[in-house]
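The structure under discussion appears below in the form of structure tokens.
Any read-out appearing in this document is the output of simple, stated calculations on the displayed coordinates, not a laboratory observation. All figures in this text were calculated on a predicted structure; none of them were measured in a lab. Don't worry about glycine lacking a Cβ; one is built from the backbone with ideal geometry, like all the others, and counts go over all protein chains shown.
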Amino acid sequence: MTRIPYFCLGCLMLALGFIGALLPLMPTTIFLILAAWFFARSSPRAENWLLSHRQFGATLRAWQESGAISRSAKLMACTGMTTGFVLFWIGAHPQPWLAAGVAAMLVASAFYVLSRPSPSRS
């Protein structure tokens, strides 16, 4: 009963992930992680295809196996968060309370990303 909605959501997340791979400000990995999760519950064939993907498979497998994020992905994520905050600051001229709230959320996100293990090399 839930296979069809999960498969449709997996396809939507996959499409958003591939769009994110092409657009610089849209995330990719989180959508692909969600796609793999939905496919695991609806289509083993689609999940296998995604986990075997030449470009994204290794990252997704590392996340599934141990919640690991590569050093380069950590660097890109933290750089993206910093760049996003600077653009927000320059473009929106936020009130101090709003800037502090956004900064706190980004710092918490960066700590989470940096706290994840790096993938083991086998």
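Based on the Cβ-Cβ distance of W49 and M1, what FRET efficiency does E = 1/(1 + (r/R0)^6) give at R0 = 30 Å, to the nearest 0.05?
Working: r = 24 Å, r/R0 = 0.78.
The pair W49/M1 has a calculated efficiency of 0.80.
Considering only the Cα atoms of the range 3-66, their convex hull presents on average a projected area of 3.9 nm². Cα extents for the chain along the principal axes, largest to smallest and rounded to whole angstrom: 49, 35, 25.
With the charge dipole of the chain set up from +1 on Lys and Arg Cβ and -1 on Asp and Glu Cβ about the Cα centre, the Cα lying farthest toward the positive end among the listed residues S118, A104, F88 is that of S118.
Extension gain A103-V86, at 0.36 nm per residue separation less the Cα-Cα distance, in nm? Walk me through the numbers before you get to the answer.
Numbers: separation 17, 0.36 × 17 = 6.12 nm, distance 1.00 nm.
Full-extension gain reported as 5.1 nm.
Within the listed set T28, T79, T59, the residue fluctuating most in the Gaussian network model of the chain (springs between alpha-carbon atoms under 10 angstrom) is T79. A simple spin-label model places the labels of R121 and R41 3.7 nm from each other, with each point 7 Å out along Cα-to-Cβ. Here the chain is treated with +1 on each Lys and Arg Cβ and -1 on each Asp and Glu Cβ, and its dipole about the Cα centre works out to around 320 debye.
How high is the FRET efficiency from C8 to E65, r the C-beta distance, R0 25 Å, rounded to 0.05? Present the calculation step by step, with values, prior to reporting the outcome.
Working: r = 27 Å, r/R0 = 1.06.
That pair, C8 with E65, gives E of 0.40.
Every Cα-Cα pair in the range 71-115 was counted, and those over 13 Å apart are 54% of them.
Working from label points 7 Å from Cα in the Cα-to-Cβ sense, the T79 to A110 distance is 1.4 nm. Largest mean-square fluctuation among M13, M81, M105, in a Gaussian network model of the chain whose springs join Cα atoms under 10 Å apart, belongs to M105. Cβ-to-Cβ counts within 10 Å put S42, S115, S109 in ascending order as S115, S109, S42, the fewest first. Where in the chain are the DSSP H helices whose C-alpha atoms run 27 Å or more along the long axis and whose mean Kyte hydropathy is at least -1.0? Both cut-offs are met by 3-22, 71-92, 96-115. Computed over the chain with a Gaussian network model linking Cα atoms closer than 10 Å, the most mobile of L25, L51, L75 is L25.
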